[in-house]
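First up is the structure itself, then whatever we jot down about it.
The values are calculated or read from the model by the stated rules, or taken from the named source; none is laboratory data. As the structure is a prediction and not an experimental result, all values here were calculated from the model. Heads up, the Cβs are rebuilt from the backbone with ideal geometry, glycines too, and the neighbour counts pull from every protein chain shown. What goes into the accessible areas is simple: the full protein's heavy atoms, side chains included, and nothing from ligands, DNA or RNA. Shrake-Rupley method; radii C 1.70, N 1.55, O 1.52, S 1.80 Å.
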Protein chains: 2
Amino acid sequence: MAQAKENERMEKIVSLCKRRGFIFQSSEIYGGINGFWDYGPLGAELKRNVKDYWWRTMTQQREDVVGLDASIIMHPMVWKASGHLETFSDPMSTCRQCKKLVRSDQIWPIVIESSWARAIAELVPGGTVNTGQLVNWAKGKGQRIAPNLALVRNPEVTISWISERIQKNPAPFEAKELLQYVATEQFNQTGLVLPCPHCGGELTEPRPFNLMFKTHTGPVESEENVAYLRPETAQAIFVQFKSVVATARQKVPFGICQIGKAFRNEITPRNFIFRSREFEQMELEFFIPPDEIVAALAGDLAGVRGEGHPGEPQPNWGWQIWHKYWVEERLRFYESIGLPRTSLKEYWQKPDELAHYAKATVDILFDFPFGTEELEGVAARGNFDLSQHEKFSGESMDYFDEVAREAWKKFDESKKQELREDYREKKYDSLVRKGLELGEAKAQAEKESSDYFDKLAKGLYTPHVIEPSAGVDRLMLALIAQAFNEEEVTDEKGNKETRVVMKFHPRIAPIKVGVFPLLKNRPELVAKALEVKRLLQPHMSVFYDDTGAIGRRYRRQDEAGTPFGVTIDFDTLGENSALKDTVTLRDRDTMKQERVKIDDLVPLLISKVR
Amino acid sequence: MAQAKENERMEKIVSLCKRRGFIFQSSEIYGGINGFWDYGPLGAELKRNVKDYWWRTMTQQREDVVGLDASIIMHPMVWKASGHLETFSDPMSTCRQCKKLVRSDQIWPIVIESSWARAIAELVPGGTVNTGQLVNWAKGKGQRIAPNLALVRNPEVTISWISERIQKNPAPFEAKELLQYVATEQFNQTGLVLPCPHCGGELTEPRPFNLMFKTHTGPVESEENVAYLRPETAQAIFVQFKSVVATARQKVPFGICQIGKAFRNEITPRNFIFRSREFEQMELEFFIPPDEIVAALAGDLAGVRGEGHPGEPQPNWGWQIWHKYWVEERLRFYESIGLPRTSLKEYWQKPDELAHYAKATVDILFDFPFGTEELEGVAARGNFDLSQHEKFSGESMDYFDEVAREAWKKFDESKKQELREDYREKKYDSLVRKGLELGEAKAQAEKESSDYFDKLAKGLYTPHVIEPSAGVDRLMLALIAQAFNEEEVTDEKGNKETRVVMKFHPRIAPIKVGVFPLLKNRPELVAKALEVKRLLQPHMSVFYDDTGAIGRRYRRQDEAGTPFGVTIDFDTLGENSALKDTVTLRDRDTMKQERVKIDDLVPLLISKVR
């Protein structure tokens, strides 16, 4: 039941998005194109406001982050270095029977959603079915349940058979369990793989399918001209790291941020704009020194790995504190645009869930109508990315840190020794795990450790990085879902009606204020209203509306998420002389109205929408 | 000489862009990728400011334009309807000898730039060569000049031969003329095509090469999954026209604008960011009623096609006035961000230059260092695009205009008749030109005219469109070129030096104000400077700098194009009590300094940078 209610909520949201011009299907007049979406007039403004605010908080309001705006198509070696060419793929199987392609790790959810499975589920709401009988029945027909799934091949026969059995003889399985049993347990027991969810046919072994969109630059479609649409904006930042260091007068720790489109050829785009093939990212790569350097700067290793809320950045922060700091900053950002803490969850990935290069990753999750899903990942990626680009490009990614060099000089010898041993031990362990013979591992660990600390002594290192990476489109969906409210209100005539109101934070609302003359056919009201509109227009986005009853005009702006409404009435014109040159200011959320002087409008509204 | 000077200027600009982090080559550490560029920290801010201001002037500051943010990958039928699949191509030839591809319409410029041609040009500065002798000489060697160009095959021999001849016997051709003669006249006379500019080999007949980047959606690279990266943002606006009409509460005349990336697989990207393969566009499609409807609204046809500056929009404007209006608006926009009128040219395309669907097109040109080139095109496109999408999608693009219907009802019958006849005549002419037999053309013109006016009477029509279409990247280059200044100034010690200053309009400057404590080692100056920085930071982009002599810090901000510098000195702290809590405000362009109260800084600077 909860599921159905959430689906209904999602449908209402999708419908409002289309009806009010937040989001349209791309190329809809041509039947659409799967996984691509357009932002209509209100959606485009909402998205701009969110991106602008992210950019402002990152760059203008900080000293330690600068921006970048890199190309979507980059040199293909970038994706070899980053690992995307090798490993950025989903496992795919082909059905030997119907030739359809399915994502191997998503077969079960599709089975669950198939028409025959849903028919069974509807037949036995809370009811039970004896699977053993079902399996025997299939055998009696000369069929096995899997992989040539009788249920799939003859859904009508099967359903009527189950239906009869249920009425006669209630048995120990619930419908969902039955399905699960049929589709997984049964197959696992007999060593068979899942069937094709479309026709029940046999599937091939899963093979990796790369998610990058491929194209060619220049007139010839040859291997040497292959290029990819970037699957993330982050790599451009690593690739330009040295150029930015050389030009931006920034010192580690500092960050480079970027907003831009990225593309992933998802096999099954889903959940509206949540998982699409073309999307936008807001990413920050925040570069920090390795902990050994921080220890030298702090004069000690203690304190480098702190606990609790980190507060303002300090020179003695190790990567763990920086990581926590950025998680906290990102949560604060979401709060500041209208996602309350209670709607967000922090999920700390477990060691076996981490990507091989990640030291720690926190997923910031949001309660979407279709489930709790990731809004942003904040990953501590060590120096994996810069090192990879150094390796593949041959360009050094060393950063020279004069302050670190001086600190290192003065650093306690015994503590240096301690760090050196610790580093060498870890390197040794890792090499052994990679399968190196013990003696060889020891020699190599010795050499790498020695090279590393020789460089540190000169103030040279490859910075480590903390990466808060947010998806703009899923954030849009979160903001829309959070803002969407249906309230029962009583209209002017005393009738109850449902008010649909989008409670966007004023900071991101597409339109900031609606301006309404009380009546359209009174030129003096209209003239004054236009005057107020022109007064506000240089400072914020204004919508002027003189059509229909004032209550209807308010409702229209409620649906658009406009936080304020200004109405010009006869009192404004001086009918009540005490109220001359005042207007009513209506609050979208409380629907309360107050009387405000026209002269006070600009500063008052600016303070609320910035 | 002028050419060399302009090249030098261009080189200085490219160098500054790299040195100060305006523009980097994409993927530079991998050797770059031809036709792709990244905007560094200063460039990214400059570009954002330009785009934001364009968007604000289009949407927030007008009532009749709304925004759209559509996907880059659209349904491939979009490009069939728009004509891009058929005709968006360049003619290409392949060399039968070296197998290289060349753009057939660009062979001559490449010949001119070839090493052998340049060698000849250098040998005979202002000198002369007898081409007849050269041709005879080639024949004597058993070679023809073309297409197996002796000059190319044996450049050293040829050059030394020419060199000897020149010394002995000055003859009637100048070097450039010689080249031209050899490379074109000669071939035309003998009926031969131009040779391969790389090796002199024979070229194949030119064939069209489509400029759209191709990719595939979904896991299978089949014909049915082909998709293209949009070559322009405009088509998305046409495709979503009806969705926007249905949701945005706008009535024709109104516009839809969009900013976004577009891609063209240029064979020879050139002139820095001027012609690249990935670029950004700012486009407006402004929809207007057809002139017949405007005539009804105005009660007459007179005045629909006005002369001179159009002023504020009026309901009786025909397409020609709207077209002029938008040209003027766009010129005003460029002026408002720092491109003076004198740097811009209007070029009205001649009838034979117009695209077949265009009624008129004005190119707004800018004097780039490499020549006068297009910054923006303002085209009157009739209803070509909407009609094409109606034809290919089967979805009606009719717009219902209640006001027009009422006006049409009351419109003078004899004038309606006049318009009808005019329409039918033009249709007839056009059908005859297309090759229709006269009787058939007459019948069809009759029918089309009748359908058209039947619809008009119901207030239904397919709107016409005026399209101002600007390239963001070429605008960036124009702004950078216009801002770039080298001035001779005298430093504090009386030495002359060259000041490089980027005179960006404050509105678009990447950094608005530099904040400098006079001395870094005086904590009270630093504290006060940081206080001023924090005061300004919520309102604009601030750069704090305490390193080096104050003059050097000014110079650094001059190069970054920062319009204002605020210096905190001992007077600020109250050493001269009359000047307590004042700072010096330096103007980048005049280098003049004035004393300003800290309390006045925010409103003063806001008024200058907005």
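Key figures
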| item | result |
| --- | --- |
| 7 Å along Cα→Cβ, label-point gaps from residue A:432 to other copies, nm, shortest first | 9.6 |
| Cα-based reach from residue B:415 at 20 Å (exclusive), listing lysines while leaving out same-chain residues under 8 positions away | B:426, B:427, B:447, B:455, B:458 |
| Anisotropy class of the stretch A:1-49 from Cα gyration tensor, a/c 1.5 cut | oblate |
| Long-range Cα-Cα pairs in the stretch A:406-458 (distance over 15 Å), rounded percent | 48 percent |
| Accessible surface of the stretch A:406-458 [probe 1.4 Å, protein heavy atoms]: carbon and sulfur percent | 50 percent |
| Buried on assembly, the stretch A:213-260 (at least 40 Å² less accessible surface than by itself, 1.4 Å probe) | A:213, A:214, A:215, A:217, A:218, A:219, A:239, A:240, A:247, A:249 |
| Shortest-first distances to equivalent copies, position residue A:443, nm, label 7 Å out along Cβ | 9.5 |
| Accessible carbon and sulfur surface of the stretch A:511-609 relative to its total accessible area, %, 1.4 Å | 54 percent |
| Interface residues in the stretch A:28-66 - accessible area drops by 50 Å² or more relative to the isolated chain, probe 1.4 Å | A:29, A:30, A:33, A:38, A:41, A:48, A:55, A:60, A:63 |
| Residue of chain B nearest the B-to-A rotation axis [by Cβ], rounded angstrom distance | B:215, 2 |
| Three-way shape label, the stretch B:311-362, alpha-carbon gyration tensor, a/c 1.5 | oblate |
| Accessible area buried between chains B and A, both sides summed, probe 1.4 Å, in Å² to nearest 100 | 6900 Å² |
| 17 Å Cα-Cα reach of residue B:442 towards aspartates and glutamates, excluding residues that sit fewer than 8 places from it in its own chain | B:421, B:422, B:425, B:429, B:451 |
| Given charges at Cβ of Lys, Arg, Asp, Glu: the stretch B:463-588 dipole, positive-most of B:504, B:566, B:521 | B:521 |
| FRET E, pair residue B:63, residue A:602, Förster distance 22 Å, beta-carbon r, rounded to 0.05 | 0.70 |
| Surface accessible to a 1.4 Å probe, per residue, for the residues of the stretch B:435-583, Å² | 42 Å² |
| Copy-to-copy label separations for residue B:590, where each label sits 7 Å from Cα toward Cβ, in nm and ascending | 4.9 |
| Theoretical FRET efficiency, 1/(1+(r/R0)^6), r = Cβ-Cβ of residue A:409 and residue A:207, R0 60 Å, to 0.05 | 0.65 |
| Solvent exposure, largest accessible area first (probe 1.4 Å, DNA, RNA and ligands not counted), of A:20, B:552 | B:552, A:20 |
| At R0 = 60 Å, FRET efficiency that the Cβ-Cβ distance of residue B:492 and residue B:457 yields, to 0.05 | 0.15 |
| Heavy-atom surface of the stretch A:236-386, accessible at 1.4 Å and reported per residue (Å²) | 35 Å² |
| Prolate/oblate/rounded call for the stretch A:511-609, Cα gyration tensor, a/c under 1.5 rounded | rounded |
| Under the Karplus curve 6.51 cos²θ - 1.76 cosθ + 1.60, θ = phi - 60°, whole-Hz ³J(HN,Hα) for the stretch A:484-489, x wherever Gly or Pro sits | 5, 9, 10, 10, 8, 10 |
| Cα-derived Rg to Rh of the stretch B:210-250, Kirkwood definition | 1.17 |
| Solvent exposure, largest accessible area first (probe 1.4 Å, DNA, RNA and ligands not counted), of A:370, B:368 | A:370, B:368 |
